[in-house]
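Student: A single structure is presented below for examination.
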Amino acid sequence: ISGNVIIEMGAAVTTDDFFGSPTIRAAVPGIERFAANVASPPIRSRATLAGNIANASPIADMTAMLLALGARLVLEGDPGGERLVDLSGFFLGYKKIDLKSGERIRGIMIPGEPVLFNFEKAAKRARLDIATVNTALAVVTAPDGTIASARYAAGGIAPTPLRLVDIENLLTGSRPSADLAREAGRLAANSGSPIDDVRGSSEYRRRLMERLTWAHCIRLWPELKLEEELLS
Ligand SMILES: Cc1cc2nc3c(=O)[nH]c(=O)nc-3n(C[C@H](O)[C@H](O)[C@H](O)COP(=O)(O)OP(=O)(O)OC[C@H]3O[C@@H](n4cnc5c(N)ncnc54)[C@H](O)[C@@H]3O)c2cc1C
């Protein structure tokens, strides 16, 4: 797998197929540890990536991960036309997607360049629950330790899953530190338009976004022991 390689998955790839794939695991080392955050074993064995995306839930976990992984969709029309869309542009509004009549998702493509990846999900139960908010961060680090590129996704803070470009711009070119994590957390807390509902208040969601952003930084760069500064 190199920077120029694209991984293409068919629409019927299941959640289990995805986390079990040696190709995905090589491009996103450690991604399999997040499988348990998604639904339950029977659901993961059946639920497809395309179904998770087209269902257009603002808190879909696979969608958040695929957004951070820079996914593009191959859409196939009737009688055979094809177009490519960025997953980040696919969600037009609450449960509204950029799929024309007669079109279906034929494939999902992600860059094969290996990334550092983390996923965080806050829910009322630790397992088998849908998210109050979820977020995924994928970064590539440069040899000098700075962040060469970053993709940050969040769900549960807007009518659609989001890419948070402000945070991506902040991280890109920066060196990981507690101050950077705090600034990214501040941006995350002020992103989207979270609402109050049975899973939590808008204020709680903003606070979660701040803390889950810190969690991304703590987990992506354990050698920096950022928790000692952030959580003291
Ligand atoms: C009990 C339970 C718990 C769950 N927990 C979680 C969870 O924790 N996290 C999470 O992210 N999700 C969760 N889900 C959702 C699950 O992961 C699936 O995303 C969802 O059930 C869709 O399933 P499916 O893939 O069979 O799609 P389907 O039900 O077959 O389809 C869903 C929608 O997508 C459309 N669609 C499917 N394939 C395509 C295609 N190729 N092109 C265009 N449109 C298409 C269908 O027309 C339909 O509108 C849960 C579901 C259940 C039932």
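The values are calculated or read from the model by the stated rules, or taken from the named source; none is laboratory data. This structure is a prediction, so every number in the text was calculated from the model and none was measured. Using ideal geometry, Cβ is built from the backbone for each residue, glycine included, and neighbour counts are taken over all protein chains shown. Accessible surface areas use protein heavy atoms only, side chains included; no ligands, DNA or RNA. Shrake-Rupley method; radii C 1.70, N 1.55, O 1.52, S 1.80 Å.
Student: Please report, ordered by residue number, the strands (runs of 3 or more DSSP E) entirely within region 80-152 with at least 2 residues that are assigned by TED's automatic domain parsing to the domain that holds A189 and more than 23 Å from I6 (Cα to Cα). Don't jump to the end; show me each part of the working.
Tutor: Numbers: elements: 82-86, 91-93, 104-111, 116-122, 133-141.
So the answer is 116-122, 133-141.
Student: Is it the case that R182 is assigned to a loop (DSSP other than H, G, I, E, B) and surrounded by fewer than 19 Cβ atoms within 10 Å (Cβ to Cβ)?
Tutor: Values: assigned to a loop (DSSP other than H, G, I, E, B): no; surrounded by fewer than 19 Cβ atoms within 10 Å (Cβ to Cβ): yes.
Considered against the rule, which asks whether it is assigned to a loop (DSSP other than H, G, I, E, B) and surrounded by fewer than 19 Cβ atoms within 10 Å (Cβ to Cβ), R182 comes out as no.
Student: Next question, about the same structure. Does K95 meet the test of being more than 10 Å from the ligand (Cβ to nearest atom) and either farther than 30 Å from P143 by Cβ or over 15 Å from the mean Cα position of the chain (by Cα) (or both)?
Tutor: Values: more than 10 Å from the ligand (Cβ to nearest atom): no; either farther than 30 Å from P143 by Cβ or over 15 Å from the mean Cα position of the chain (by Cα) (or both): yes.
No: the conditions fail for K95.
Student: Still on this model: State the number of residues belonging to region 161-179 that are buried (at least 17 other Cβ atoms within 10 Å of the Cβ) and among the small types (G, A, S). Even if it seems obvious, please write down each step before you answer.
Tutor: Restricting attention to region 161-179, the residues satisfying the condition of being buried (at least 17 other Cβ atoms within 10 Å of the Cβ) are 161-164, 167-168, 170-171, 176, 178.
Those left that are additionally among the small types (G, A, S): 178.
Within region 161-179, residues that are buried (at least 17 other Cβ atoms within 10 Å of the Cβ) and among the small types (G, A, S) number 1.
Student: State which residue pairs qualify: first residue more than 8 Å from the ligand (Cβ to nearest atom) and inside region 53-67, second residue open to solvent by less than 10 Å² (accessible area, probe 1.4 Å) and assigned to a helix (DSSP H, G or I) in any location, beta carbons under 6 Å apart, and separation of 6 or more residues or different chains.
Tutor: That search, which allows pairs on different chains as well, returns L66/L87; L67/L87.
Student: Of the residues A50, A12, which single one is over 26 Å from R125 (Cβ atoms), part of a helix (DSSP H, G or I) and modelled with pLDDT of 95 or more? Steps first, answer last, please.
Tutor: Working: A12 fails: part of a helix (DSSP H, G or I).
Selected residue: A50, the only one of A50, A12 that is over 26 Å from R125 (Cβ atoms), part of a helix (DSSP H, G or I) and modelled with pLDDT of 95 or more.
Student: Within region 138-154, is there a residue that is touching a residue at least 12 places away in the same chain (Cβ under 8 Å) and within 12 Å of the ligand (Cβ to nearest atom)? Spell out the reasoning first.
Tutor: Of the residues in region 138-154, the ones touching a residue at least 12 places away in the same chain (Cβ under 8 Å) are 138-141, 145-154.
Next, only the ones that are within 12 Å of the ligand (Cβ to nearest atom) stay: none.
No, because not a single residue in region 138-154 is touching a residue at least 12 places away in the same chain (Cβ under 8 Å) and within 12 Å of the ligand (Cβ to nearest atom).
Student: G81 fails exactly one of the following numbered conditions: (1) in contact (Cβ under 8 Å) with a residue 24 or more places away in the chain; (2) over 19 Å from I24 (Cβ atoms); (3) not aromatic (F, W, Y). What is the number of that condition?
Tutor: It is condition (1) that G81 fails.
Student: Something else now. Tally up the residues in region 22-37 that are open to solvent by 30 Å² or more (accessible area, probe 1.4 Å) and not β-branched (V, I, T), please. Give the derivation first.
Tutor: Narrowing region 22-37 to residues open to solvent by 30 Å² or more (accessible area, probe 1.4 Å): 22-23, 25-26, 29, 32-33, 36-37.
If we keep only those that are not β-branched (V, I, T) as well, we get 22, 25-26, 29, 32-33, 36-37.
Here the count works out to 8.
Student: Exactly one condition in (1) closer than 26 Å to L128 by Cα; (2) modelled with pLDDT under 95 is not met by G81; state its number.
Tutor: Evaluating G81 over (1) closer than 26 Å to L128 by Cα; (2) modelled with pLDDT under 95 leaves (1) as the failure.
Student: Keeping to region 185-232, report how many residues are charged (D, E, K, R) and assigned to a loop (DSSP other than H, G, I, E, B). Even if it seems obvious, please write down each step before you answer.
Tutor: Taking region 185-232 as the starting set, the residues that turn out to be charged (D, E, K, R) are 186, 196-197, 199, 203, 205-207, 210-211, 219, 223, 225, 227-229.
Remaining after also requiring assigned to a loop (DSSP other than H, G, I, E, B): 196, 199, 225.
The total comes to 3.
Student: Out of region 58-87, which residues are surrounded by fewer than 19 Cβ atoms within 10 Å (Cβ to Cβ) and closer than 18 Å to A136 by Cα? Spell out how you get there, then give the answer.
Tutor: To start, the set of residues in region 58-87 that are surrounded by fewer than 19 Cβ atoms within 10 Å (Cβ to Cβ) comprises 74, 76-86.
Hit for region 58-87 is D86, nothing else.
Student: Right, next: Say we look at region 191-226 and pick out the residues that are among the charged types (D, E, K, R) and farther than 19 Å from V139 by Cα; which of these is surrounded by the most Cβ atoms within 10 Å (Cβ to Cβ)?
Tutor: Residues of region 191-226 among the charged types (D, E, K, R): 196-197, 199, 203, 205-207, 210-211, 219, 223, 225.
Now restrict to residues that are farther than 19 Å from V139 by Cα: 196-197, 199, 203, 205-207.
Values: D196: 11, D197: 11, R199: 18, E203: 11, R205: 23, R206: 18, R207: 16.
Taking the candidates together, the pick is R205.
Student: A follow-up question, please. For region 38-51, which positions are within 8 Å of the ligand (Cβ to nearest atom) and open to solvent by 40 Å² or more (accessible area, probe 1.4 Å)?
Tutor: If we filter region 38-51 for residues that are within 8 Å of the ligand (Cβ to nearest atom), which is where we start, we get 38-40, 43-44, 46-51.
Scanning region 38-51 gives I43, R46, T48.
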